[in-house]
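Engineer: Please read through the structure below; I'll follow up with questions.
The values are calculated or read from the model by the stated rules, or taken from the named source; none is laboratory data. Since we're looking at a predicted model, the values are computed, not measured. Neighbour counts are summed over all protein chains in view; Cβ atoms, including those assigned to glycine, are modelled from backbone coordinates with ideal geometry. Surface areas here come from the heavy atoms of the whole protein model, side chains and all, with no ligands, DNA or RNA. Shrake-Rupley method; radii C 1.70, N 1.55, O 1.52, S 1.80 Å.
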Amino acid sequence: MEMQLPPHEGGELSVVDMHTGGEPLRIILSGYPEVKGDSVLSKRRYVREHLDHLRRVLMYEPRGHYDMYGALIVDSELPEADLAVLFMHNEGYSTMCGHAVIALGRFAVDYKLVKEPKSPETQVNIHCPCGLVKAFVEYSEGKTGGVRFHSVPAFAFATDVTVLVEGFGEVTVDISYGGAFYAFVNAQRFGLDVSKSRTRDLVDTATAVTRAVKSQVKLHHPASDDLAFLYGTILTDGKDDYSPEPTANICVFAKAQVDRSPTGSGVTARVALQYHKGLIQLNQTRTFQSGATGSQFTGKAVEETKCGDFKAVVVEVAGRAFYTGVSSFVQEADDKLTHGFLLK
């Protein structure tokens, strides 16, 4: 039987669903009204203030779930950009998302947002709210594969910061930026293992750390105040010294949302932190593993640079993304749950 939309009133929202290392990405193809603004950051403010109901429709149940992640493609003000993107999740809108960039790189080539793909790699310039990110997509005989990307300058914001965490007392954390700010702390400090402990315990602990850092540490970013917020906390296995063996972590971001992947922007920030501490060298590749799923990204610092007064590095992260399906969503006027809800 040929698939067709059911009877409904109003518009429809069409999406392509992908995942990178187990972390979902819902790419919105159509159904959004015009997103106004003369820059990607101003567009981010516009959707937050005027179109947030559509984020809830697509991210929340019954069409999504508590840990759904989305990407809305918009126009860029940068002539070198192939596309611009706004990231969304259960709480609002991020400034950077590495797993999404990996998926969007492949998507952009397959959906012909890049006019002339080249072998063995096609470059895709993706304008994220944090800045221009360069993705490099494996391409051979019309097929796309793995993706690596060079993110915006990443830097250690502060190391060995002591915060008072409810239920745990004084905790020492590092704060680093990889397109978004994260707090980093060894899970062993709390008697936890990022790969073996209950996810609920990891989430509760990371959330407590996030609350503490948000209330006790003032962040700033040289480029824009829109970037100066703590996105989440990454609990690690503490294996920060260079090793050819994988090092694991788990990222809890937004409203206690759990990243199933190793977290692309988190890997970027963690590499910058390790480089700042002298634990890795330029072009020394490390493997980062998700404590949630066991999926892996690789990361390395490829170039020294500056971000305002911060000593920074350009970090390369690589991984694989896969398609899971396409959908068209509708809303019925008398559906009292049509605008979405969260249950966890």
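Engineer: What whole-number value in cubic angstrom gives the convex hull volume per residue for the C-alpha atoms of the chain?
Structural biologist: Numbers: hull volume 51.2 nm³, N = 344.
Taking the convex hull of the Cα positions in the chain, it is 149 Å³ per residue.
Engineer: If you add up the charges near PHE184, with Lys and Arg at +1 and Asp and Glu at -1, over every other residue whose beta carbon is less than 12 angstrom from its beta carbon, what do you get? Spell out each step's value before the answer.
Structural biologist: Values: positive: ARG189, ARG270, LYS277; negative: ASP160, ASP174, ASP237, ASP240.
Net of charged neighbours comes to -1.
Engineer: Carbon and sulfur together cover what percent of the accessible area of segment 152-317 at a 1.4 Å probe radius? Please list the in-between numbers first.
Structural biologist: Details: 2990 of 6760 Å².
Answer for segment 152-317 is 44 percent, counting heavy atoms of protein chains only.
Engineer: Provide the per-residue ³J(HN,Hα) series for segment 165-177, in order, calculated from phi with Karplus coefficients 6.51, -1.76, 1.60 and θ = phi - 60°, each as a whole number of Hz, with x at glycine and proline positions.
Structural biologist: Rounded to whole hertz, the list is 9, 4, x, 10, x, 6, 10, 9, 10, 10, 10, 9, 10.
Engineer: If Lys and Arg each add +1 and Asp and Glu each add -1, what is the summed charge of the other residues whose beta carbon sits under 13 Å from the beta carbon of LYS112? List each step's numbers first, then the result.
Structural biologist: Numbers: positive: ARG106, LYS115; negative: ASP82, ASP110, GLU116.
Residues close to LYS112 contribute a combined charge of -1.
Engineer: Count neighbours as other Cβ atoms within 10 Å of each site's Cβ, and list the GluC sites (Glu not before Pro) in segment 1-87 that are DSSP loop with at most 15 such neighbours. Could you put the intermediate results ahead of the total?
Structural biologist: Working: sites: GLU2, GLU9, GLU12, GLU34, GLU49, GLU77, GLU80; in loops: GLU2, GLU9, GLU34, GLU77, GLU80.
Filter output for segment 1-87: GLU2, GLU9, GLU34, GLU77, GLU80.
Engineer: For a 27 Å ceiling on Cα separation, which of these pairs sit above it: LYS134/LYS214; LYS36/LYS118; LYS196/LYS239; LYS214/LYS306; LYS239/LYS311?
Structural biologist: Values: LYS134/LYS214 30 Å; LYS36/LYS118 33 Å; LYS196/LYS239 16 Å; LYS214/LYS306 25 Å; LYS239/LYS311 23 Å.
Distance filter (> 27 Å) returns LYS134/LYS214; LYS36/LYS118.
Engineer: Taking the Cα centre of the chain as origin, sum charge times position over the Cβ atoms of Lys and Arg (+1) and Asp and Glu (-1), and report the length of that vector in debye to the nearest 20.
Structural biologist: Values: 35 positive and 42 negative charges, 99 e Å.
My answer is approximately 480 debye.
Engineer: So which residue, out of VAL147, VAL330, VAL314, gets the largest mean-square fluctuation from a GNM of the chain using Cα contacts under 10 Å as springs?
Structural biologist: The residue with the greatest mean-square fluctuation here is VAL330.
Engineer: By a straight-distance test (C-alpha under 18 Å), which aspartates and glutamates pair with LYS112 as possible cross-link partners, with residues fewer than eight away in the same chain excluded?
Structural biologist: ASP17, ASP75, GLU80, ASP82, GLU121, GLU138, GLU141
Engineer: Something else about it: Okay, helix-only estimate at 222 nm for the chain: each DSSP H run of n ≥ 4 adds -39500 (n - 2.57), divide by all residues, round to 500 deg cm²/dmol; what do you get? Display every interim value, and only then the final one.
Structural biologist: Details: 5 runs with 63 residues, N = 344.
Value at 222 nm, helices only: -6000 deg cm²/dmol.
Engineer: Sticking with this one: Per-residue HN-Hα couplings for segment 307-314, Karplus 6.51 cos²θ - 1.76 cosθ + 1.60 at θ = phi - 60°, whole Hz, x for Gly and Pro?
Structural biologist: 9, x, 8, 7, 6, 10, 9, 8
Engineer: Here's a follow-up. Straight-line reach only, C-alpha to C-alpha below 18 angstrom: list the aspartates and glutamates that LYS300 could link to, leaving out same-chain residues fewer than 8 apart.
Structural biologist: Counting by Cα, and skipping residues close in sequence, LYS300 has these aspartates and glutamates nearby: ASP240, ASP241, GLU245, GLU316.
Engineer: Would you list the membrane-span-like helices of the chain, meaning whole DSSP H runs whose alpha-carbon atoms span at least 24 Å along their axis and whose mean Kyte-Doolittle value is at least 0.0?
Structural biologist: Values: long enough: 199-216 (25 Å, -0.29).
Taking the DSSP H segments of the chain (at least 24 Å long, mean hydropathy at least 0.0), we get none.
Engineer: Further, regarding this structure: Could you go through segment 179-195 in sequence order and give the Karplus-derived ³J(HN,Hα) for each residue, using 6.51 cos²θ - 1.76 cosθ + 1.60 with θ = phi - 60°, rounded to whole Hz, and x for Gly and Pro?
Structural biologist: My calculation for segment 179-195 gives x, 8, 8, 10, 9, 10, 7, 5, 4, 5, 4, 10, x, 10, 10, 5, 9 Hz in order.
Engineer: Now for a separate question. With every protein chain left in place, what is the accessible area per residue of the chain in square angstrom, probe 1.4 Å?
Structural biologist: Working: 15190 Å² over 344 residues.
About 44 Å² of surface per residue is accessible.
Engineer: If you keep only loop residues by DSSP, which trypsin sites (Lys or Arg not before Pro) in segment 132-219 have at most 14 other Cβ atoms within 10 Å of their Cβ? Show your work: numbers first, answer last.
Structural biologist: Working: sites: LYS134, LYS143, ARG148, ARG189, LYS196, ARG198, ARG200, ARG211, LYS214, LYS218; in loops: LYS196, ARG198, LYS218.
The qualifying sites are LYS196, ARG198, LYS218.
Engineer: While we're on this one: Excluding residues fewer than 8 places away in the same chain, name every one of the lysines whose C-alpha is closer than 23 Å to that of LYS336.
Structural biologist: Of all the lysines, those that pass the test against LYS336 - Cα under 23 Å, at least 8 places apart if same chain - are LYS344.
Engineer: What shape does segment 152-317 have by the C-alpha gyration tensor, where a ≥ b ≥ c are the square roots of the eigenvalues, rounded means a/c under 1.5, and otherwise prolate means a/b greater than b/c and oblate the rest? Could you put the intermediate results ahead of the total?
Structural biologist: Numbers: a/c = 1.68, a/b = 1.14, b/c = 1.48.
Here segment 152-317 falls in the oblate category.
Engineer: Below 9 angstrom from the Cβ of TYR66, what's the summed charge of the other residues (Lys, Arg +1; Asp, Glu -1)?
Structural biologist: Numbers: positive: LYS255, LYS344; negative: GLU61, ASP67.
Every neighbour counted, the sum reads 0.
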